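The values are calculated or read from the model by the stated rules, or taken from the named source; none is laboratory data. The structure displayed is predicted, hence computed values, not measured ones. No Cβ is skipped: glycine too gets one built from the backbone with ideal geometry, and neighbour counts run over all protein chains shown.
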Amino acid sequence: MTRSSELTAFLASNADAIVCELTSVRGSSPREQGTFMLVGRSALFGTIGGGALEYMVIEHARRLIASGQAEAAMDVPLGPEIGQCCGGRVGVSLAYADGARRAELAALVAAEDAALPHVYVFGAGHVGRALAQILSILPLQLEVIDTRREELELLPEGIAARVVPMPEAVVRAAPVGSSYVILTHDHALDFLIAQEALARLDAPYVGMVGSQTKRAKFANWFSGEGGDAKALTRLVLPIGQHGLGDKRPAVIAALAAAEIMVHIGQREAEIARARAPKALGVVIGR
């Protein structure tokens with residue numbers, strides 16, 4: 001389920017929800033300015049960082065609901081006074097989520113969902129299913145691809161999946177900045193998908209399940225097909241190792257999920273750094 005659909009479901013069942021938003025952040029804080037959560041009589045959507053701060057805000061919001069008050073503001077020191085040690089200070093606004101605000105939040109969350117990075121998992125076997133379950137709770141747009149319908153039917157409900165006779169074609173059509181995890185039942189198919197994925201220089205992550213022997217075989221095949229040796233260095237194979245050598249599907253999946261998020265985060269940081277000098281140049285030129 002996307003965050004947007006979760007918000008829609010929450011708003012449909014919480015007519016008198018309160019929007020709690022961080023309006024100012026000074027010093028260290030668990031979340032940044034603009035972060036919001038919704039508080040209903042017995043349900044929540046989102047988080048402003050958890051801990052004592054969040055409990056205080058939830059209690060205050062529910063007092064507003066009980067008393068019928070329209071809005072309030074809080075100024076909270078994140079220190080020993082409330083049992084936290086962040087050391088900063090935050091301002092929080094609390095207001096009823098009326099029709100206009102609900103539409104605004106729905107548009108904001110939908111835009112955030114649309115901007116999430118895409119990750120394609122090729123193969124819905126034991127590792128693929130475990131990985132899909134983990135990735136489905138992360139801020140990503142996930143899709144599982146397989147040639148076998150019966151394997152995709154074993155995925156938990158809510159995970160986007162597609163039967164594709166030529167999975168490598170999915171890579172060619174994928175949005176810019178997509179990542180690819182290759183775990184099919186067929187090594188030849190793995191190799192074809194990886195070849196296409198390594199041709200995508202915009203991919204933060206290209207990973208394949210397997211062993212060092214499989215890597216050597218792929219490298220030999222890839223070079224024989226005219227593949228660039230530099231491109232081969234971008235391939236993560238085996239995935240999710242980190243020196244543990246644990247071959248249990250769930251462990252491989254957990255480590256691979258962390259690996260994928262690190263690669264995506266590093267690429268996002270590179271893009272941000274590349275944009276920063278240009279923005280600075282515009283300011284200086286004025």
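Only residues that are under 16 Å from MET261 (Cα atoms) and of a type in the set (S, T, N, Q) were counted in segment 176-194, giving 2.
Here LYS214 clears all of (1) under 26 Å from GLU151 (Cβ atoms); (2) surrounded by 16 or more Cβ atoms within 10 Å (Cβ to Cβ); (3) touching a residue at least 60 places away in the same chain (Cβ under 8 Å) except the condition numbered (3). For segment 36-47, the criterion of being under 26 Å from LEU140 (Cα atoms) and in contact with a Pro (Cβ under 6 Å, 6 or more places away or on another chain) is met by no residue. You will find that of ALA95, ALA73, the residue that is small (Gly, Ala, Ser), surrounded by 15 or more Cβ atoms within 10 Å (Cβ to Cβ) and not assigned by TED's automatic domain parsing to the domain that holds ILE252 is ALA95 and no other. Put simply, of GLU21, GLU32 the only residue that is of a type in the set (Asp, Glu) and within 11 Å of SER93 (Cα to Cα) is GLU21.
The residues of segment 156-186 that are outside any loop (DSSP other than H, G, I, E, B) and either of a type in the set (A, V, I, L, M) or exposed (fewer than 15 other Cβ atoms within 10 Å of the Cβ) (or both), listed by number, are ALA161, ARG162, VAL163, ALA169, VAL170, VAL171, ARG172, ALA173, VAL181, ILE182. For VAL127, the stated conditions do not hold, so it cannot be described as buried (at least 22 other Cβ atoms within 10 Å of the Cβ), closer than 29 Å to ARG41 by Cα and either under 20 Å from the mean Cα position of the chain (by Cα) or not assigned by TED's automatic domain parsing to the domain that holds MET208 (or both).
At least 1 residues that are hydroxyl-bearing (Ser, Thr, Tyr) and either outside the structural domain of ALA160 (by TED's automatic domain parsing) or without any contact (Cβ under 8 Å) to a residue 12 or more places away in the chain (or both) in each: list the strands (runs of 3 or more DSSP E) lying fully within segment 1-68 that qualify. Let's see the steps before the verdict.
Values: elements: 18-26, 36-39, 44-46.
Because the criterion is at least 1 residues that are hydroxyl-bearing (Ser, Thr, Tyr) and either outside the structural domain of ALA160 (by TED's automatic domain parsing) or without any contact (Cβ under 8 Å) to a residue 12 or more places away in the chain (or both), the strands (runs of 3 or more DSSP E) in segment 1-68 that meet it are 18-26.
From the list LEU232, LEU255, LEU192, the lone residue that is surrounded by 12 or more Cβ atoms within 10 Å (Cβ to Cβ), in the same structural domain as ALA124 (by TED's automatic domain parsing) and in contact with a Gly (Cβ under 7 Å, 6 or more places away or on another chain) is LEU255.
Within segment 43-62, the set of residues being buried (at least 19 other Cβ atoms within 10 Å of the Cβ) and touching a helix residue (DSSP H, G or I) at 6+ places or on another chain (Cβ under 7 Å) comprises PHE45, ILE48, LEU53.
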